[in-house]
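Quick notes on the structure that follows.
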2 protein chains.
Amino acid sequence: MHAESTEARLLDGKQISSNIKSKVKGEVDFARNECASFKPGLAIVQVGDRQDSNVYVGMKIKTGGELGFDARHVKLSAEITEEKLLEEISSLNKDPNIHGIIVQLPLDCKSKIDSSKCTNAVSPEKDVDGLNEINAGRLSRGVHLDTNSFVPCTPRGCMEMLKETGLPVQGKHAVVVGRSKIVGSPMANLLTWANATVTICHSRTQNLDQIVKQADIVVAACGQMELIKGSWIKPGAVVIDCGINVVPDVTKKSGRRLVGDVEFAEAKKVASWITPVPGGVGPMTVAMLMRNTLDSAKRSQPT
Amino acid sequence: MHAESTEARLLDGKQISSNIKSKVKGEVDFARNECASFKPGLAIVQVGDRQDSNVYVGMKIKTGGELGFDARHVKLSAEITEEKLLEEISSLNKDPNIHGIIVQLPLDCKSKIDSSKCTNAVSPEKDVDGLNEINAGRLSRGVHLDTNSFVPCTPRGCMEMLKETGLPVQGKHAVVVGRSKIVGSPMANLLTWANATVTICHSRTQNLDQIVKQADIVVAACGQMELIKGSWIKPGAVVIDCGINVVPDVTKKSGRRLVGDVEFAEAKKVASWITPVPGGVGPMTVAMLMRNTLDSAKRSQPT
């Protein structure tokens, strides 16, 4: 008799995000049947010409097109001033065909532009990245559902992955490592209001290993390659890895590979579920952006 | 030889708040020396005639007067409509002599009024209660200091009390019991951005005792009389009790007494510092309201 394998099941972000995108496409098609002019409009504002931003924006535009969205790339010169950029956002806020606006960060600009000012300039009703302070405030105080507020895409994607496990979140101890505006902080909020007991850890946390060892749910969003060791994972825990760290790898054609914030090979021996990197949280972000934009488009429809 | 007493030192809210108020008064006097017309203006909007609200508002108006503020009680009929109340707030937003506006909750009104709509109608620049979603968002994402945002008075008072202990917050494990908009949630934010590792507990938390036992700093804000037992307190921990529970007591002239959310008598045997109830966090709230209003008045001065 052999002991049963206790290796973690993989949370396949490609598959889960693909299901979400199919559902979004189905809803778009259905809505268009009801009203021929229905078309979710997404504007992606990019300043300058960063290569990584070009790739990310390209993925979002392509996915939007596939799902039947009007996905526009608003590519602006690196020479643009803050004032002009704010005007551009303001005109998108007023455009009735645009339901979602995102400002691709970081900005690649010659003059000094306050990026928070720009993300806050996006109307809360079109803020599909969930970065406007009003949406952040609602989420942090637990009124995001009552107020139809947008939640940042990566944490929303992580919640979808947790749902996929079928395990309850309520009453569980969740440990979030990282407190960024875009992942860690909103993730801690989402888990808190899903009734988990949440511990937020960060660079100043002492005895991180002891804290992670207590977690039923670990969300790694600290941007440090394999900081979270496999030996820290409580047997049976769910591990969600938001890290995307690039390391050189001569065995790869690209000369590099992606590594998460969790020591995957060891962690998967003890966790019940784990997200791989790549192919875990990564693909979820674009899918949730589409979900947020569709939600916005539906809300703007005359009832 | 006797063992040294290890009983907790008391964080005397009356004394600490009195020091803060003296400092505020000194700053008001100094500013008036520089500019004779300087006078922090605080408007407290009360709807209806709840007895408890009358008492709280009275205390705030009285303290404001003592510190040289223009503290106005805007008492409105219980018959007021939401529209009229919003107009009232809007006119206070525009009044250059008013630097702080608070809407006393709960509203005592005949018609249905959305209280969040009212607290959000207060301009973020005059929101000395820190309840506007924009201020909540900034605090939750850690930009409250960079943006001169207001922080709710009770949590700000708790941070002042922690300062009083002289103990570091950074890297410590803080456990906040309660996730209300006005105390628990903003307190967790403040501690996180003061670089503590923060666990937020609430009614759905399992094994609350085990979690509290790990805390270097315990903040009780759950509104349940003596829920936090003395035996849960880690030796040497700092205990901040925001609870104000009224219990009948025939031995008191008033027929009642106030009890906190922590089992004080037992907790003080193991804690290093503890706030009593009454006389702990309670008096801090009004003092911090004055501090917030003074900060606002100073910011509005021509430079």
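Cross-link reach is defined here as a Cα-Cα straight distance under 19 Å, omitting same-chain residues fewer than 8 places apart; for residue A:75 the lysines meeting it are A:60, A:62, A:84, A:94, A:110, A:112, A:117, A:126.
In chain B, taking the dipole from charged Cβ atoms about the Cα centre, the farthest positive-side position among B:188, B:178, B:272 is held by B:272. When B:254, A:53 are arranged by Cβ crowding within 10 Å, least crowded first, meaning fewest neighbours, the order is B:254, A:53.
For the peptides B:117-128, A:147-158, the ranking by mean Cβ contacts within 10 Å, running from highest to lowest, is A:147-158, B:117-128. Summary for residue A:146: label point 7 Å along Cα→Cβ; distances to the equivalent points in the other copies, ascending, 3.0 nm.
Please state the charge dipole magnitude for chain B, taken about the Cα centre, from unit charges on C-beta atoms (+1 on K and R, -1 on D and E), reported in debye and rounded to the nearest 20.
220
Each copy carries a label point for residue A:35 at 7 Å from Cα along the beta-carbon vector; from one copy to the others these points are 5.1 nm apart, nearest first.
Across segment A:5-75, the volume of the C-alpha convex hull divided among the residues equals 98 Å³ per residue. Sorting B:293, B:303, A:205 by the number of Cβ atoms found within 10 Å of their own Cβ, with the fewest placed first, yields B:303, A:205, B:293. Taking the Cα centre of the protein assembly as shown as origin and assigning +1 to Lys and Arg Cβ atoms and -1 to Asp and Glu Cβ atoms, the resulting dipole is close to 340 debye. Here the extension length gained between residue A:299 and residue A:148 equals 53.5 nm, from 0.36 nm per residue of separation less the Cα-Cα distance.
Show me the ranking of peptides A:71-78, B:256-263 by mean Cβ neighbours inside 10 Å, starting with the highest. Spell out each step's value before the answer.
Numbers: A:71-78: 16.5, B:256-263: 21.2.
Ranking, from highest mean packing down: B:256-263, A:71-78.
With axes computed from alpha carbons, what is the tilt in degrees of helix B:82-94 against the longest principal axis of chain B, rounded to the nearest 10 within 0 to 90? Tilt of helix B:82-94: around 80 degrees.
Partner shielding of B:165-174 amounts to 2, given as the average count of beta-carbon atoms from other chains within 10 Å of each residue beta-carbon.
Kirkwood hydrodynamic radius, computed over distinct alpha-carbon pairs, for segment B:156-262: how many Å, to one decimal? Let's see the in-between values first.
Numbers: mean 1/r = 0.0704 Å⁻¹.
One decimal place: 14.2 Å for the Kirkwood radius.
Taking 7 Å steps out from each Cα toward its Cβ at residue A:167 and residue A:39 produces label points 4.4 nm apart.
In a reduced charge model with +1 at each Lys and Arg Cβ and -1 at each Asp and Glu Cβ, segment A:85-235 shows a dipole moment near 500 debye about its Cα centre.
Over the C-alpha trace of the protein assembly as shown, radius of gyration and Dmax come out as 26.0, 90 angstrom. With its label point put 7 Å out from Cα toward Cβ, residue A:52 sits 5.1 nm from the same residue's point in the other copies, in order from shortest.
Shape analysis of segment B:35-123 places it in the oblate category; the axes a ≥ b ≥ c from the Cα gyration tensor give an a/c of at least 1.5, with a/b not above b/c.
Residue farthest toward the positive end of the dipole of segment A:165-303, with Cβ of Lys/Arg at +1 and Asp/Glu at -1: which of A:169, A:232, A:247? Going by the charge dipole, the pick is A:247.
Calculate, in whole percent, how much of the Cα-Cα pair population of chain B lies beyond 29 Å. Cα-Cα pairs of chain B separated by over 29 Å account for 38 percent. Residues B:227, A:42, ranked from the fewest to the most other C-beta atoms within 10 Å, line up as B:227, A:42. Shielding value for B:201-212 is 4, the average number of Cβ atoms from other chains within 10 Å of each residue's Cβ. What separates the Cα centres of segment B:234-303 and segment A:151-194 is a distance of 32 Å. A protection proxy built from the mean count of other Cβ atoms within 10 Å ranks the segments A:9-21, B:171-183, most packed first, as B:171-183, A:9-21.
Since every read-out is calculated from the coordinates, none of them should be taken as a lab result. Being a predicted model, the structure only gives us computed values, none of them experimental. Please note: Cβ atoms are built from the backbone with ideal geometry, for glycine as well, and neighbour counts cover all protein chains shown.
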